[in-house]
Structures are given as structure tokens and as C-alpha cells.
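Data block below; observations after.
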Amino acid sequence: MKVRDIMTKDLTSIEKEMSVKELVFILNNSGKTSVPVVDAEEKLIGFISEADIIKAALPGYFELLNGVGFIPDMNQLSKKLAQIEDDAIEKYMQREVVWVYDDDDDLQVADLMIRKNIRTIPVIDHESHLVGVVTRINLVRQLL
Amino acid sequence: MIITVTPNPAVNKIYWVDKLKVGSKTQDEFLTRATRSATSASGKGVNISIFLAGMGVENVAMGFISGHAGHLLINDLRDKGVTTNFCWTSGETCTNVTIIERGKEHIPIQIDESGSGVTTTEIERFIRRYKRALSRASWVILGGDLPPGVDDKFYYRLTELAKEKGIKVVVNATGQPLTQALSAAPYLVKPDLRESRIWDEMILDTEEHIISAGKRVIAMGVDTMLISHKVAGDILVTAAGVWEVKARVEMSQLHHLIGADDVFLGGMVYKLQAGENVEEALKFSMAAGTLYAKHGASVCREQEKIEQEMSIITLEQLEGSQ
């Protein structure tokens, strides 16, 4: 089975110049947890998830502590988010993106998802245009 | 790739009833039970996207969506093989209700919501997304009414942007949004005459009036004007001539008129983008629309059945050289 046969054919994406506030609006309304970042020709240039924004709003030592017990209250997090809401998402996006071609095999995607612990992978054509995303549930649904 | 834009799409809830009870006093008398129901994504561009996807043509559906109904709509489109690229907004996507009473299938009752408002920021976000999508489009189809907050020059603006890139544009709308779009000279225009046969001070009722209106629009730089004449008959006007296409069908055979017009236009674009001439495209599209009106969505996407249905279609050239 090819990726194009199982992927979600949705082009919801964001440009690197758009703000964190706009990203949060899109994620919240669309129910997505991540979106590909594209250029003016809809070619894939990055990826950003809610985790990237939360990480940006938390102190750098958060990952070392592996918990939020050190945060005295949610106001601290809220203040930090307000500080970064107008920042361009370019500042926080992932530039090294794991992607697949629409004519790759489903096995290849499954391998990437398991090995790299990824939930959503952008799908592109051979001209680098975004054509959809493939998620874990796309794969699981196909296997049932 | 083909892009369809439906600024104000809807979830269409259809109820089929044996007898619609209205104006009764007791609950027993006013409760009408549906014999069956169906829920689907709808809207002019959306319906064309579904038809084209069924015919195996890659296309992307765009527009504004929001809320719970927005999720229903987008999931239905994906299930039908359409690629989605909608701009999420605040509010709630429309839910339209259609009631079809047994024996009165050709005059369904339809209740349409107006739609949530769209903000200037959301419009500009859509325009950025639309410009990106144009980079790989060959045809754009703009269809339906505009949601509150979107000004009448919206289709004009979208037509201009597409034409700058040499993309053919089809506009299927009514009122000021259509009139304004004409200034950008789209490739094909089809006025939506469901609510009124008066458009831009022209009464589009008789063959004469329709042809005269068509010629006026062609003189503005539009290549093709398609106007609904009768339930199963349309008139097409180009600089080269005027044609009337008709389906030999009894009204009692038409059970699914809602959306049939969109399948008709989808059939035109399907053939024209494949390089077919206008006569062939007209016969095919009328056959597709008629098949849809007779049997619903499932059969009208089978090429073979549409071609069989072409046997009941007649095409007459009213003006121009053969």
C-alpha cells in the first residue's frame, strides 16, 4: 500500500511568518496537535507542534525535571505565553523535518514512526509540495 | 490541479418524509417522522469537489469552516476522497435542512442558515492560503453565497489573483458577488437562479432574455456563460454561438434536485479541463446532472452510466455557425 492511499488528504499548514497566537488558534479550532510549515509555493520547510510552543513557554530546565512541580502557579506559564504570542513561529519550528513521499510504502512510514517515535509525518510529492499528512491512526485503520 | 472555493459551506441534513404535517394543533398531528435521513457536506464548490473526486480528478476544497459542523463537513469530504484546505474561523459552520416529501420530490423544502461572520484577519489568512494553493492550480471554481463579513468584491479579488497566474476561473454565484466578479472576466460564469431569476436587473426567464443577458456578459470578456432555463434544460452562450441542452425526462423521475446543478457544472469542468469541446462537455454535464437528480450521488460518478444517460440528452445550436 502506498502512503497516498492511507494518508489524510488535508493541507492545513502554516507559514513561518505567522504568529504563535495564530498557530494556537488554528490548532485549537482544527483539533490538530501539529501542522507542517510551508513556503509561498506550499513546499514543506518545517514542522511545528503544540509541544514546541509549550517547550518555548517553559524554562529551559523543564526537560531535566520532567514535571511541572517546580512551577509555583499557572500565571507564570501564562505570562510567558503572552510574551511569545506575537513571535513568528519560525523561531520555534522544527527545521529538520521527517517526511515521506506520497508514493512511499506504508511499511516505510510505520518504520519511521516506531523508530523515531513520531505521531504525524508530512507527505510531499516529488516537487516537495505538501499533499497531506500520515498519522499513526491512518496506519492502524489500514491494518484493521 | 483544480481548486474549489466555497466561502460559506454547510452540512446538509436531508429528511425524507411520507407526509409533512404542518399547522396541526396536537402533538400527534404535528410530529412528522422521517422515513430516512442523510447528512453530508454541501455547498456549491464542495459539491463539485465531491463529484470531481468521484470521477478521479485531484482537487482541493477551500473556504471557511468552524465549529462542530465544520469537523463533520471536513470528515465527510475526506471520506469522499477530496483534499481539504479550509481556513478555520470562530463561530459555527451552517447546517442546512432539506425536507423531501413523497410525491413532491421536485419541490423540496429547504431551510438554509446564513452562516457565522468571518473577520478581516480570517479573510486575509484565507487569501494567503489561496495564493499558495494557486501555485499549482490549473482551474479555480468559486461557488455559492458569501458569509457575513465577506464583502461583495471577494470573488472579484479571487478571480484577479488566479488570472494573474493564467488560471481559468469559473464563478457560480448570484447578486453583487457575481456582478463584481464579471469585472475580472472569469472564464465561465453560471448565475445561481434558485432564489430569483432576476440578476443584475436582468430577468432570466425566457430564451430571448437569457441569450441577451449571456451576450452582455460575453461582451465583458467572459468566455462562456451558462444559464439554467428549465429544470432539465440549460442555455450556453459563447462568442462563437448559442446552444440549448435538454434532458428528455419526466419531472416525476427527478428525486434529488438539491445539488444536481453543481454536478452539472462539475461535469462541464471535468470535460473542459480534459480538453473536450463545449458541445461534448454540455451533453456530458447534462447527463451527469440528470443522473444525479434521478438516482442521487452514488451513480452519477460512474463514467459509463453518465455516457449511457447521454442518449436522452439533446443539444441544439440556436445561433452561430455549425
Just the accessible area for A:E41, please: 1.4 Å probe, Å², rounded to the nearest 10?
90
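Shape call for the stretch B:231-322 from the C-alpha gyration tensor, a ≥ b ≥ c root eigenvalues: rounded (a/c under 1.5), prolate (a/b greater than b/c) or oblate? Don't skip to the end; give the middle numbers.
Values: a/c = 2.03, a/b = 1.49, b/c = 1.36.
The shape class here is prolate.
Suppose every Lys and Arg Cβ carries +1 and every Asp and Glu Cβ carries -1, with no other charges. What dipole size does chain A come out with about its Cα centre, to the nearest 20 debye? Before the final figure, lay out the partial values.
Values: 17 positive and 25 negative charges, 127 e Å.
My answer is approximately 600 debye.
Given only helices, namely DSSP H runs of n ≥ 4 each adding -39500 (n - 2.57), what is the per-residue ellipticity at 222 nm of chain B, to the nearest 500 deg cm²/dmol? List each step's numbers first, then the result.
Values: 10 runs with 113 residues, N = 322.
Dividing the helical sum by the residues of chain B leaves -10500 deg cm²/dmol.
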Of A:M74, A:L44, A:Q108, which is farthest on the positive side of the dipole of the stretch A:3-143, counting Cα position, with +1 on Lys and Arg Cβ, -1 on Asp and Glu Cβ, and the Cα centre as origin?
A:M74
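Could you sort B:T84, B:T179, B:T39 by their accessible area in this structure, using a 1.4 Å probe and putting the largest first?
Ranked from most to least accessible, the order is B:T39, B:T179, B:T84.
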To the nearest 20 debye, what charge dipole does the protein assembly as shown have about its Cα centre, counting +1 at the Cβ of each Lys and Arg and -1 at the Cβ of each Asp and Glu?
760
Where the stretch B:231-322 is the region considered: accessible area per residue in Å², 1.4 Å probe
41
Shape metrics for chain B, restricted to C-alpha atoms - Rg then Dmax, Å
19.2, 64
Shielding by partners - mean other protein chain Cβ count within 10 Å, residues of B:57-70:
1
Whole-percent tail of the Cα-Cα distance distribution for the stretch A:68-144, cut at 21 Å, equals 50
Could you name the lysines whose alpha carbon sits less than 16 Å from that of B:K104, not counting residues in the same chain fewer than 8 places away?
B:K19, B:K21, B:K294
10 Å Cβ neighbours from other chains, averaged over peptide A:7-14:
6
So which helices of chain B fit the span-like rule, where a helix is a whole DSSP H run, its Cα atoms reach 15 Å or more along the axis, and its mean Kyte-Doolittle is at least 0.0?
B:44-54, B:260-273, B:278-295
All-pairs Cα distance distribution in the stretch A:3-143, expressed in whole percent, bin size 5 Å
2, 10, 18, 19, 18, 14, 10, 6, 3, 0
Keeping every protein chain present and rolling a 1.4 Å probe, give me the accessible area per residue for the stretch A:3-143 in Å².
55
On the accessible surface of the protein assembly as shown, probed at 1.4 Å, how many percent belong to carbon and sulfur atoms?
49
Interface buried area B-A, accessible surface with 1.4 Å probe, both sides summed, nearest 100 Å², comes to 1900
Extreme residue, positive dipole direction of chain B, given options B:I99, B:I312, B:L204 (C-beta unit charges)
B:I99
If you wrap a convex hull around the alpha carbons of the protein assembly as shown, what volume per residue comes out, as a whole number of Å³?
185
Amide H partners (placed H, <5 Å) of B:T83, local residues excluded:
B:N59, B:A61
What residues have an amide H closer than 5 Å to that of B:T95, excluding those fewer than 5 places away on the same chain, when H is modeled at 1.01 Å from N in the peptide plane?
B:V11, B:E113
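Hey, which of these cross-link pairs are over 26 Å Cα-Cα: B:K215/B:K271; A:K21/A:K43; A:K9/B:K271; B:K13/B:K165; A:K91/B:K168; A:K9/B:K153? Intermediate values should be presented prior to the final figure.
Values: B:K215/B:K271 23 Å; A:K21/A:K43 23 Å; A:K9/B:K271 24 Å; B:K13/B:K165 38 Å; A:K91/B:K168 38 Å; A:K9/B:K153 30 Å.
Long pairs (Cα-Cα over 26 Å): B:K13/B:K165; A:K91/B:K168; A:K9/B:K153.
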Paramagnetic reach from B:L20 in the stretch B:245-269 [backbone N under 16 Å; point 7 Å along Cα→Cβ]:
B:255-259
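Taking chymotrypsin sites (Phe, Trp or Tyr not before Pro) as candidate sites, keep only those in a DSSP loop with at most 15 other Cβ atoms within 10 Å, then name the longest stretch of chain A containing none of them.
On the way: sites that count: A:Y61, A:F70.
Longest run free of exposed loop sites: A:71-144.
Please report, in debye to the nearest 20, how large the charge dipole of the stretch B:231-322 is about its Cα centre when each Lys and Arg carries +1 at its beta carbon and each Asp and Glu carries -1 there. Don't skip to the answer; put the middle values down first.
Values: 7 positive and 14 negative charges, 41 e Å.
Dipole of the stretch B:231-322, to the nearest 20 debye: 200 debye.
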Connecting every pair of Cα atoms under 10 Å apart in chain B and solving the GNM, the largest mean-square fluctuation among B:E304, B:E29, B:E280 falls on B:E29
List the GluC sites (Glu not before Pro) in the stretch B:144-206 that DSSP assigns to loop (not H, G, I, E or B) and whose Cβ has at most 15 other Cβ atoms within 10 Å. Which are they?
B:E195, B:E201
Mind checking the stretch B:5-67 for trypsin sites (Lys or Arg not before Pro) that DSSP puts in a loop (not H, G, I, E or B) and that have at most 13 other Cβ atoms within 10 Å?
B:K19, B:K21, B:K25, B:R33
Just to be sure I understand: with springs between alpha-carbon atoms less than 10 Å apart, which residue in A:V97, A:V35, A:V133 has the highest mean-square fluctuation in the Gaussian network model of chain A?
A:V97
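The values are calculated or read from the model by the stated rules, or taken from the named source; none is laboratory data. Bear in mind the structure is a predicted one, so any value in this text is a computation, not a measurement. When we count neighbours, we look across all protein chains shown, and the Cβ atoms used for this are built from the backbone with ideal geometry, even at glycine. Remember, those area values only see protein heavy atoms, side chains included, never the ligands or the DNA or RNA. Shrake-Rupley method; radii C 1.70, N 1.55, O 1.52, S 1.80 Å.
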